[in-house]
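The values are calculated or read from the model by the stated rules, or taken from the named source; none is laboratory data. Predicted model, so just to flag it, every value in this text is computed and none were measured. All Cβ positions, even for glycine, are placed from backbone atoms using ideal geometry, and neighbour counts span all protein chains on display.
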Amino acid sequence: VNRRVLAIAAHPDDEVLGCGGTLAKLASNGHEIFTLILGTGIASRYEANDTEKIARKIEELREVMYKANEIIGVKKVFTEDFPDNKFDTAALLNLVKAIERIKEMTRPDIIFTHYEKDLNIDHQMTYKAVITATRPLPDETVREIYSFEVLSSTEWNCPLSFSPEVFFDISETIDLKAKALSIYKSELRQFPHPRSLKGIKLNSQYWGMRAGMLHAEAFKAIRILK
Ligand SMILES: [Zn+2]
């Protein structure tokens with residue numbers, strides 16, 4: 001059966017970090033993949049009054065984002081402009097409405113999104129908005145929701161609480177994930193920063209080892225309707 005999959009992330013790169021290997025695998029198996037990136041990303045790294053530079057950086061990051069999504073086989077990327085690292089200044093209702101709009105257009109049966117207890121406020125609010133926008137009413141199309149982990153946010157919260165129970169084997173797509181991430185140059189750091197190519201591969205080997213696979217992405221099952 002062909003599934004329709006929507007990955008909903010706060011920032012450009014979260015979709016690849018969190019579930020890029022899984023999306024690539026699902027795409028190669030013929031499923032339809034969409035992503036929704038709610039925030040602009042990157043703006044919080046610059047002085048707020050440097051608007052020209054910020055606009056340019058956001059534009060550059062968007063270009064990279066489209067390329068990275070193409071590499072993993074995403075059919076269409078949707079974007080919104082919620083403020084970087086300031087989702088808490090936006091009304092939750094506006095996030096919910098943005099998600100509902102894209103959900104109606106794509107009619108997904110599977111959603112991947114952030115983990116509720118990430119350190120990053122935008123990730124937390126994205127999670128909250130997703131489960132609000134997918135309340136299980138009788139005509140709801142979404143049957144499965146999973147939370148992914150984003151290195152340097154999920155594991156940097158205290159106390160540590162991400163305990164996944166769903167593992168997707170990404171042994172055959174880890175290289176595509178790494179390729180997509182390597183063009184997100186502005187978002188990558190040097191090892192031992194967890195958001196480095198080496199850190200990302202170590203992490204997928206770590207989850208893989210615990211699930212009898214070479215490389216895995218790990219998820220919390222949030223709501224599964226059978
Ligand atoms: Zn993020």
task: Of the numbered conditions (1) closer than 22 Å to R3 by Cα; (2) surrounded by fewer than 14 Cβ atoms within 10 Å (Cβ to Cβ); (3) touching a residue at least 12 places away in the same chain (Cβ under 8 Å), F112 fails exactly one; give the number of that condition.
output: (2)
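Take N69 and tell me if it is touching a residue at least 24 places away in the same chain (Cβ under 8 Å), more than 17 Å from the chain's Cα centre (by Cα) and within 19 Å of T173 (Cβ to Cβ). Talk me through it step by step, then tell me what you get.
Numbers: touching a residue at least 24 places away in the same chain (Cβ under 8 Å): yes; more than 17 Å from the chain's Cα centre (by Cα): no; within 19 Å of T173 (Cβ to Cβ): yes.
Criteria not met by N69.
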statement: Pairing a residue in segment 117-128 that is under 14 Å from K220 (Cα atoms) with any residue that is near the ligand (Cβ under 10 Å from one of its atoms) and of a type in the set (A, V, I, L, M, F, W, C), where Cβ atoms lie under 8 Å and the two sit 6 or more apart in sequence or on different chains, gives D118/V150
field: Close pairs from segment 13-40: first within 21 Å of I58 (Cα to Cα), partner among the polar types (S, T, N, Q) and surrounded by fewer than 24 Cβ atoms within 10 Å (Cβ to Cβ), Cβ under 7 Å, at least 6 apart
entry: F34/T106; I37/T79
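Name the single residue, out of those in segment 1-18 being modelled with pLDDT of 95 or more and away from the ligand (no atom under 13 Å from the Cβ), that is farthest from the chain's Cα centre (by Cα).
First, pick out the residues of segment 1-18 that are modelled with pLDDT of 95 or more: 3-18.
With the extra rule that they be away from the ligand (no atom under 13 Å from the Cβ), the set shrinks to 3-6.
On the way: R3: 18, R4: 16, V5: 12, L6: 10 Å.
Taking the candidates together, the pick is R3.
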message: Considering only residues that are touching a strand residue (DSSP E or B) at 6+ places or on another chain (Cβ under 7 Å), part of a loop (DSSP other than H, G, I, E, B) and within 16 Å of the ligand (Cβ to nearest atom), which ones fall in segment 130-161?
response: E149
- prompt: When Y115 is evaluated against the numbered criteria (1) within 16 Å of the ligand (Cβ to nearest atom); (2) over 17 Å from G39 (Cβ atoms); (3) in a loop (DSSP other than H, G, I, E, B); (4) in contact with a strand residue (DSSP E or B) (Cβ under 6 Å, 6 or more places away or on another chain), which criterion, by number, is the only one it fails?
  reply: (2)
- prompt: So T51 clears everything in (1) more than 16 Å from the ligand (Cβ to nearest atom); (2) in contact (Cβ under 8 Å) with a residue 40 or more places away in the chain except one condition, right? Which one?
  reply: (2)
